[in-house]
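Below: one structure, written as structure tokens.
Every read-out reported here was derived from the displayed coordinates using simple, explicitly stated rules and does not represent laboratory data. The model shown is predicted, which means the values in this text are computed figures rather than measured ones. Positions of Cβ are generated from backbone atoms using ideal geometry, with glycine treated the same way; all protein chains shown enter the neighbour counts.
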Amino acid sequence: MMDFDLSTGFRSPIWAGFTLVASIVAFRYFQVASRVVDSILRRKYPIHHASSNEDLPTTPFILPNGQGNVEKFLNGQENSVKWGSQFGPVYRIWSGFQGEVVLTRPSDIEVVFRDSHSHQKAPSNNSGHLMNLLLGSCVGLISGSEWQNVRRATEQHFLRPSAKALIPRVLANAKTYISTMYSDRTNEKWEKSTDERPGREWNLHPVVDLKNYPFLVVAEVLYGPLSDDLQRRLIALIPGRVKVFNQVIQGGISRFQASRALPLRIHREIDAFKVEWARWNDDAHAAAILSQQQHDGKASKTEMTQLRPAILDMYKSVAEGLATQEHILQTLDEMLFANLDVTMGGISWPLIFLAAHMDVQNTLRREIASISPETEGEMERYILSQDTYLHHVILEAARLRPLVPFSIPQSCPTPRLVSGYKVPAGTNFIVDTHALNIRDPAWGPDNTCFRPERWRGISGKESRYRYWRFGFGPRLCLGKHVADVMIKALIYELVQRSELVVGENDEWRWDEECWINHPAMEIKCVNNNESSD
């Protein structure tokens, strides 16, 4: 009998050959199976041109995700160019077994989104079973009366009046956050430096260094001030949530509901997270009730302390039968965790562009210097205004660096004629944000240049279907007003106190493992004054 040495057997030529053959067979099997599924899907969901009867250009289906989340989000920036060049301005991809028609031109987007109030969001974003378990019932991914009820329970805390009431607190938070970070960096330099004064320069990685700022602001909107214990437990949930969501994006066999029957670790991990998330929210709700009772009993009240935590009304909606606990828990997850990635992209890219364009930064600094914070209502008007250079800087950064390459899929209740193709009712559409925001001819020959001035005089109606940021129509992002307040407050604080600089030879990298377009680079901050406070 031949002995098999475990230490060398798997490195033997025979084993290597067997592995190679098995890999080739498996690859060929997936190729053949993918072609079969592709043929079935095209026959089941035909889309033809009205005059020529030609099929709508469609990417080949590839098991198991189709073009799914990985190709849409992680590789979306490259695929936007690749697919557009290969298939034209209107084409179809597959997300799992669901087709999604890609729109790239304002005229087609207007045809599709003119009645977006009646659209249906794709179940669980067409991202499969795990997404359904984690976020399938959140307000951003549901439709119809279900969406109306959940939105009604949450929207009052994120509308423009509520965002206005938040401004003093958010400005104070931004000032404290930046001051503390500068102080910490200065102390680190003092410890490492032999110079008497280590200088006023410090490095800032926008995504890494600023991530707790929007997280804690949104947490306060949702839950009110958190105790040290609740804050510690909340932060402890983050690694598990990140791990689960990364698997959601990767897809694979776990995108299918049948995978529940398999002994996959991801199901145990997502179940454990959901149990801990529900327990934490129950405790945070109890703390919010107690805090509100104590606040209501006080004789003197100020604007800074009258904000009612959103969780009180959200839990009340469950008690009244307007929403389920799963709706509320997943919506809280969406607002705090999923939207944190979105907000960080919205904060970090304007800072990168400002650091790279000193002329723009100086213009913004002059505008900021002209504001009188002591004048009652001046800061609120400035932060909320959509006709300031600060707002135009944010719009332009979002134009050149869309947070996602492709929008969330949604379907129309009636058929549409899109560039001559007869698209049946119920077909999902997505928008190629890079094609729309950057490559569309309407942006002119300097379409790839960072020029905030281009937004002067452009009305919301003019840019409605040729610019994507928060979506289209009444299903715009619920948190857009609060997000803008947070972004503007932080930029205001940084630009007035520091000069932002990016090296001429620094490569503009982004985080390739994040589903949102995040920069993976540092900028230098040079404080304008010695005190910095």
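Loop only by DSSP, 14 or fewer other Cβ within 10 Å of the Cβ. Give me the GluC sites (Glu not before Pro) in region 372-475 that pass, ordered by residue number. Could the numbers behind the result be given before it?
Working: sites: 374, 376, 378, 380, 396, 453, 462; in loops: 374, 376.
Filter output for region 372-475: 374, 376.
To two decimal places, what compactness ratio does region 368-527 give when its Cα radius of gyration is scaled by 2.2 N^0.38 Å?
Working: Rg = 18.5 Å, N = 160, 2.2 N^0.38 = 15.1 Å.
So the Cα radius of gyration is 1.22 times the expected 2.2 N^0.38 Å.
Can you list the chymotrypsin sites (Phe, Trp or Tyr not before Pro) in region 56-101 that are in a DSSP coil and have 13 or fewer other beta carbons within 10 angstrom? Can you show the working numbers first?
Details: sites: 61, 73, 83, 87, 91, 94, 97; in loops: 61, 97.
When the chymotrypsin sites (Phe, Trp or Tyr not before Pro) of region 56-101 are filtered for loop state and at most 13 Cβ neighbours within 10 Å, nothing remains.
Can you tell me the length gained on complete extension of the stretch residue 237 to residue 184, counting 0.36 nm per residue apart and subtracting the Cα distance? Spell out each step's value before the answer.
Values: separation 53, 0.36 × 53 = 19.08 nm, distance 2.53 nm.
Contour length minus Cα-Cα distance gives 16.5 nm.
For the pairs 121/316; 72/211; 164/488, flag any whose C-alpha to C-alpha distance is greater than 18 Å.
Working: 121/316 26 Å; 72/211 24 Å; 164/488 12 Å.
Over 18 Å Cα-Cα: 121/316; 72/211.
Counting Lys and Arg as +1 and Asp and Glu as -1, each charge on the Cβ, what is the dipole of region 72-177 about the Cα centre in debye, to the nearest 20?
Working: 12 positive and 7 negative charges, 90 e Å.
I would put it at about 440 debye.
What FRET efficiency comes out for the pair residue 257/residue 320, r = Cβ-Cβ distance, R0 = 35 Å, nearest 0.05? Intermediate values should be presented prior to the final figure.
Working: r = 31 Å, r/R0 = 0.89.
About 0.70, to the nearest 0.05.
Only four residue types carry charge here, +1 at the Cβ of Lys and Arg and -1 at the Cβ of Asp and Glu. Report the dipole size of the chain about the Cα centre in Debye, rounded to the nearest 20. Intermediate values should be presented prior to the final figure.
Working: 59 positive and 61 negative charges, 335 e Å.
Here the chain has a charge dipole of around 1620 debye.
Quick one: length gained pulling residue 362 to residue 456 fully straight, 0.36 nm per residue minus the C-alpha distance? Write out the running numbers ahead of the final one.
Working: separation 94, 0.36 × 94 = 33.84 nm, distance 1.76 nm.
The span from residue 362 to residue 456 would gain 32.1 nm if fully extended.
Add -39500 (n - 2.57) for each DSSP H run of 4 or more in the chain, then divide by its residues: what number comes out at 222 nm, to the nearest 500 deg cm²/dmol?
Details: 19 runs with 269 residues, N = 533.
The per-residue figure over the chain is -16500 deg cm²/dmol.
In nm, to one decimal, how far is the residue 118 label point from the residue 292 one, both placed 7 Å along Cα→Cβ?
For the pair residue 118/residue 292, the computed spacing is 3.7 nm.
Please work out the C-alpha center-to-center distance from region 91-168 to region 195-246 and express it in whole Å.
Cα centres, region 91-168 to region 195-246: 27 Å.
Ranked from highest to lowest mean number of other Cβ atoms within 10 Å per residue, what is the order of the peptides 433-444, 251-262? Working shown, then result.
Numbers: 433-444: 17.8, 251-262: 15.4.
Result, highest mean Cβ count within 10 Å first: 433-444, 251-262.
Tell me, how many Å apart are the Cα centres for region 323-364 and for region 371-416?
11 Å
Evaluate the charge dipole of region 423-469 about its Cα centre and quote only its size in Debye, nearest 20, assuming +1 on the Cβ of each Lys and Arg and -1 on the Cβ of each Asp and Glu.
Values: 8 positive and 5 negative charges, 35 e Å.
Its charge dipole is roughly 160 debye.
Could you give the nm distance between label points at residue 438 and residue 279, where each point is 7 Å from its Cα heading toward the beta carbon?
About 4.5 nm separates the two model spin labels.
Quick check: from the Cα gyration tensor, does region 291-429 come out rounded (a/c under 1.5), prolate or oblate? Show your work: numbers first, answer last.
Values: a/c = 2.47, a/b = 1.05, b/c = 2.35.
It is oblate, given that a/c is not under 1.5 and a/b is not larger than b/c.
Taking +1 at the Cβ of each Lys and Arg and -1 at the Cβ of each Asp and Glu, which of 171, 109, 379 sits farthest along the dipole of the chain towards its positive end, judged by Cα position relative to the Cα centre?
Checking the options against the dipole of the chain, the answer is 109.
Tell me, what is a quarter of the convex hull surface for the C-alpha atoms of the chain, in nm² with one decimal?
Details: hull surface 130.9 nm².
Spelled out: convex hull of the Cα atoms, projected over all directions, averaged, 32.7 nm².
Just to confirm the number: angle between the C-alpha axis of helix 160-192 and the first principal axis of the chain, 0 to 90 degrees, nearest 10?
That works out to roughly 90 degrees.
Could you give the Stokes-Einstein D for region 223-349 in µm² per second, using the C-alpha Kirkwood radius, 4 °C, 1.567 mPa s? Intermediate values should be presented prior to the final figure.
Working: Rh = 16.9 Å.
Reported coefficient: 77 µm²/s.
Please work out the ratio of the alpha-carbon Rg of region 360-435 to 2.2 N^0.38 Å and round it to two decimals.
Numbers: Rg = 20.2 Å, N = 76, 2.2 N^0.38 = 11.4 Å.
Ratio of Cα Rg to 2.2 N^0.38 Å: 1.77.
Using 0.36 nm per residue, how much length does the chain from residue 464 to residue 446 gain when fully extended, once their Cα-Cα distance is taken away?
In short, 4.5 nm is gained.
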